Structure formats: structure tokens, C-alpha cells
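These notes concern the structure reproduced below.
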Amino acid sequence: MDALRRLALAAAGSLQAATSEDAACNRPLVGTSERPVIADISIRASSRRGEDHAPWRTRMDWTGWNWSPADDSINEWISFDFGDVMQITKIQTKGQHLADHWVTRFQVMYYSAPNEAVIHGTLFVGNSDRDTLKENVFDPPIRASMLKLRPVRWHGHVGWRVEVLGCEAPSPASEGELSCRGLRCRDGGSVAEGVSPCFEHGMVGRMATKSVLLQNQLYCAQRRYELLAEAALQASWPMLSQSSRDAEETRRQREAYSKDGFVGVASVLSTDLVLAAQSYFSESIWNSERSQRPAMILEVSAEGSFSPNRSMDLRRAPPHVRNQNYRLIGMHAGPEELEAAPYNRIFWNARILTIVQRLLGGPATLLQALLFERGSQQSLHDDTWYAMGSDLKGGMVGVWVALDDVDEDNGPVFYYPGSHLRDELVLNPNGRSRRELIALPDGIRSSEDYKADVARRSQLEVQQAGLTREVFRARAGDVGFWHERLLHGGSPIVNWTRTRLSLVIHYVLADS
Ligand SMILES: O=C(O)CCC(=O)C(=O)O
């Protein structure tokens, strides 16, 4: 079906639907393939598994293969651009029509204006089979011109059908007026405050109004994407909406981050979430029924670093390993691992992501998460050595989340403010990208001698530059954010009876 036919159908569909359902604000906003409300091109995705899995195939009535991304990964998303700000009340989902694949948990991000991205605080529960309709209610409803859904857990492969319900957002503007102010409309006129040239062309009749409206919505939607892309590319600031108090706080955080390469923020997580993470750790992660533990890898440390050859499956880890210095990896990586529910709420915590995105200057993607029960005692390093950097300078932020109170006794993180500004060393001349060039070469990454040598050289550099060591003393719920090139490590543990439950999460600029 071509785009024009879809538009015409969409117009008809919109009119037809705008009856009693509108009163309850329960109108389909995406539409079916027979009755599309938004055009196919308004449904976009991070990737597709193949032509059979194009994003528009996510429409509820599609009986072939539905949308599925190239990878089963939490970095994939699908978005719906409504062209104008809508009031959204519900989201409906079903699994993949032709296979036992469905999304069991997902996150919602939405834009109420081009530069106003908001991450919804709820981790939504999705489906548990192919065909049963699952409905989630937004209470209160949200106002959004675009909705972006990120599958976080799934069964089989990521793949689903989606409908979004709502109605035009109530506003003082007259019906049909587009919120495209500041953008140029298809007819060439620019949209001045309070005036909508898009609307003038639609005065002939209601049908014509709707069809012109849809074309203009499409155009405005494209412009919004362009603006968002520009914003991310130029690291334009701010990406997210802010009150003036937020703006002042953000300015201070960014200044500290640029100058020191580190910024600590108090009380980012609620006490409830910290308690949930603590009890999940003792009850589920270390479940005495080993087979019940989430799939993760446990790495034991040796001489101030974690070596891959001292690792084991958490499900096999004997109890005595807990007395050693260890960390857990892989909890962010797949459907099974993501049983670690409170940890998901931390990875996708709106406050953490907002700060990360402000520091990065664009949308962020999660790269890796590490969980520590005690201080790491890791020697001096920067994360780029371990290929945790990005191809764009400064394109990775390390996030350190305190889930216990931390002081000199239980091995706080230490760092050298300003060390992120030192010159970049090419550690791997065979690297094919910035990230690879400044990382330790693969074969050498686990060599303690080589790492000790790089650490010695860096120590010398910080001494010569007159930088002083700081420690991050924190209360449970506080969060520290560090630059990818900040030299840091874990202080020695003085009191081994104290835990130091904490997370390290690495976020990179999306598409970097
Ligand atoms: O948590 C710590 O003690 C330090 C962790 C660290 O340096 C890292 O993960 O890069």
C-alpha cells in the first residue's frame, strides 16, 4: 500500500474513530495496517532483523512476521511519531504472531516537544504468550508527540505487536492546530506563535482538514527527527527539559565534570530502591539454591585487578567465594539475567539517565554493569584501557552507585580530579578506531605486569601534574559520575566485616 493511500485511509480512520472512544480518550493512535492512523514512516526502530521484520509490521492486525530488531538487546527500540502532542492513556501489546517470541518487560521514553525527552519511571510488564493482549495504563496519562519503547526482557527473541491509545491532548489551541511552532510547514510558511498556516489550508472541510493535517504532521515529525539528530550530533545542550533550578544544578554538575572529570550527586536513589536492591542481592543473587540464581559471571580479583581466568558461573560459585574480593558481570545482558529486577530499575533510573545524558550531551545506551559486594581494591586505571571508551572523545560516562554507606573503612573509590584531561596514549597501535587505539591490546589486557607498568606511568603523570587524590565518601543512594579517562581505582579495605555493595554502570552515547 503506498504512502498516499495510507494517508487517505489514515484520515478516514481518524475521522471514523473520533466518536465515542474519543470521549474516553481511548482511540488507537498507531492504527492497523488496514486502518493506519499514523503512516508507516512514523514507526521507526533502531534496527530490523530483516525485511520481514520492518518496524511498521508491529501493527496489531499484521498476521505475518512482526517487528523484530537485529539483536536481542536492551539497546534496541521502536518509536511512534504522532506528529502532534497527544494525550496517551494506554499501551497494548501482543507477542510475535508467527513464533513464541514476546517482550516481558519494557521501558517507555517520550517526547512532548523536540527537546523534551522524558524517561517514564515505570518498568512496564509486557506479555507472557503470543496472542493474549496485554494492556498497560498510563496513570496519569502522558502528553507526548513521540513514544519510544525499549524492550528490556523478552522470551525467545525481541518481537511484538503494539497499539497506543489516547486522544488529542487538550490544549487552548483550536482543533487541528499543529504544535509545530518554530518549525517550517510543508506549505513553506513558518509557524508563528499562535498562528498555524498548516491549519489555513484545511478550512475547506473536515475531511480535507484532516488530510492536510496528516501531511503536515508527517512533515513536522520529520523535522523533529532532524532536530533531535542535530541535537545529538552537535551535543547541543540541554537535551532534556529543565526547570530553572534544574538548569542551575545541571550547569554546576557539568562544570565540575569538565574540570574534575568526576561529579558526585547525593540521594539520587530512593531509600526503597536501595533496600530492594540490598535484599535482592542477599536473597536472589546469592540464593542458596544455586540454580535459582540469575545467570552472571563472578570474577575473583588478583593483585588489584579482576582477571578473566579467575572467573566462574555464579550458579556454580561455592559460598566461600563471597569472602574473597569479587565482582559480578552480565546482569544487564539478557532476558534471564534481567530477573535482577531492582537492578533494572537502577540501570534505567530516570534521574541517573537524565544526568548521564546531560553529561554526554545526547542519548545514552548502557554498555556494561558490574556489581561489587565489597570494595574492589582495584589499582589506578582509566576505563578506556579496558575498551570501555567510545569512538567519540568523552563519549562514555562511568556511573558509580552506592548501595551501602561508604567511608575510608570499606574501600571507597579514589580518583585524581583533572586526570581525564591528560594526553591520550596510543596503547594499541593496531587499533582501528579511537576506542581500540587507546585500549590495552587484547592479548595484553590481562597481563598484570603490563597493567602495573601503565599504572606506574599514569601515577607519575598525575604527580608531575600536581593532581591530588580524592575519595568518594557516599551514603547509600548517592551516585558518582566519572569521565571515561578519569584515573581512578578502589582504596584498600580496612574493615573486612563491612560490605560495600555498589554498582558500576558504563553508558555510552547512543550510535557512538
Ligand atoms: O568500585 C570500585 O572500587 C572501583 C571500580 C572501578 O574502578 C571500575 O569498575 O572501573
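General observations
- Subset tally (residues that are polar (S, T, N, Q) and touching a residue at least 40 places away in the same chain (Cβ under 8 Å)) for segment 420-452: 2
Here is a yes/no grid of residues against (1) modelled with pLDDT of 85 or more; (2) under 30 Å from V118 (Cα atoms):
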site: I297; (1), (2): yes, no
site: S305; (1), (2): no, no
site: A317; (1), (2): yes, no
site: Y326; (1), (2): yes, no
site: H332; (1), (2): no, yes
site: E337; (1), (2): no, yes
site: W348; (1), (2): no, yes
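- Qualifying residue in segment 384-392 (condition: buried (at least 24 other Cβ atoms within 10 Å of the Cβ) and under 18 Å from D260 (Cβ atoms)): yes
- N309 meets each of the listed conditions (1) more than 16 Å from the ligand (Cβ to nearest atom); (2) assigned to a strand (DSSP E or B); (3) at pLDDT 90 or above apart from (3).
- Total residues in segment 458-474 satisfying the condition of being more than 15 Å from the ligand (Cβ to nearest atom), within 22 Å of R254 (Cα to Cα) and open to solvent by 60 Å² or more (accessible area, probe 1.4 Å): the figure is 1.
- Identity of the residue in segment 415-457, of a type in the set (V, I, T) and open to solvent by 40 Å² or more (accessible area, probe 1.4 Å), that ends up farthest from the ligand (Cβ to nearest atom): V426
- Among the residues of this structure, A402 counts as one that is under 14 Å from V504 (Cβ atoms), open to solvent by less than 10 Å² (accessible area, probe 1.4 Å) and in contact (Cβ under 8 Å) with a residue 60 or more places away in the chain.
- Under the condition of being within 8 Å of the ligand (Cβ to nearest atom) and part of a strand (DSSP E or B), the residues counted in segment 486-507 number 5.
- Scanning segment 278-318 for residues that are of a type in the set (D, E) and either closer than 24 Å to D449 by Cβ or surrounded by 13 or more Cβ atoms within 10 Å (Cβ to Cβ) (or both) returns E299, E303, D313.
- Residues satisfying the stated conditions in segment 151-168, i.e. modelled with pLDDT under 90 and open to solvent by 20 Å² or more (accessible area, probe 1.4 Å): R153, E168
- Residues of segment 461-485 satisfying the condition of being within 24 Å of Y280 (Cβ to Cβ) and assigned to a loop (DSSP other than H, G, I, E, B): F472, R475, A476, G477, D478
- Test: residue in segment 363-376 that is assigned by TED's automatic domain parsing to the domain that holds L273 and β-branched (V, I, T): yes
- Residue tally, condition away from the ligand (no atom under 14 Å from the Cβ) and out of contact with any strand residue (DSSP E or B) (no Cβ under 7 Å at 6 or more places or on another chain), over segment 387-399: 2
- Residue ranges of strands (runs of 3 or more DSSP E) in segment 49-142 with at least 2 members open to solvent by 50 Å² or more (accessible area, probe 1.4 Å) and not charged (D, E, K, R): 116-125
- All positions within segment 400-414 that are over 25 Å from the mean Cα position of the chain (by Cα) and away from the ligand (no atom under 11 Å from the Cβ): D405, D407, E408, D409
- Residue within segment 461-468 that is outside the structural domain of V265 (by TED's automatic domain parsing), closer than 18 Å to D383 by Cα and in contact (Cβ under 8 Å) with a residue 24 or more places away in the chain present: yes
- Selection status of L370, closer than 19 Å to A439 by Cβ and either touching a helix residue (DSSP H, G or I) at 6+ places or on another chain (Cβ under 6 Å) or near the ligand (Cβ under 9 Å from one of its atoms) (or both): yes
The values are calculated or read from the model by the stated rules, or taken from the named source; none is laboratory data. Worth saying up front: this structure is predicted, and the values here are computed from it rather than measured. Cβ atoms come from the backbone with ideal geometry, glycine included; neighbour counts cover every protein chain shown. When the accessible area is computed, the model is the full protein with side chains, heavy atoms only, and any ligands, DNA or RNA have been set aside. Shrake-Rupley method; radii C 1.70, N 1.55, O 1.52, S 1.80 Å.
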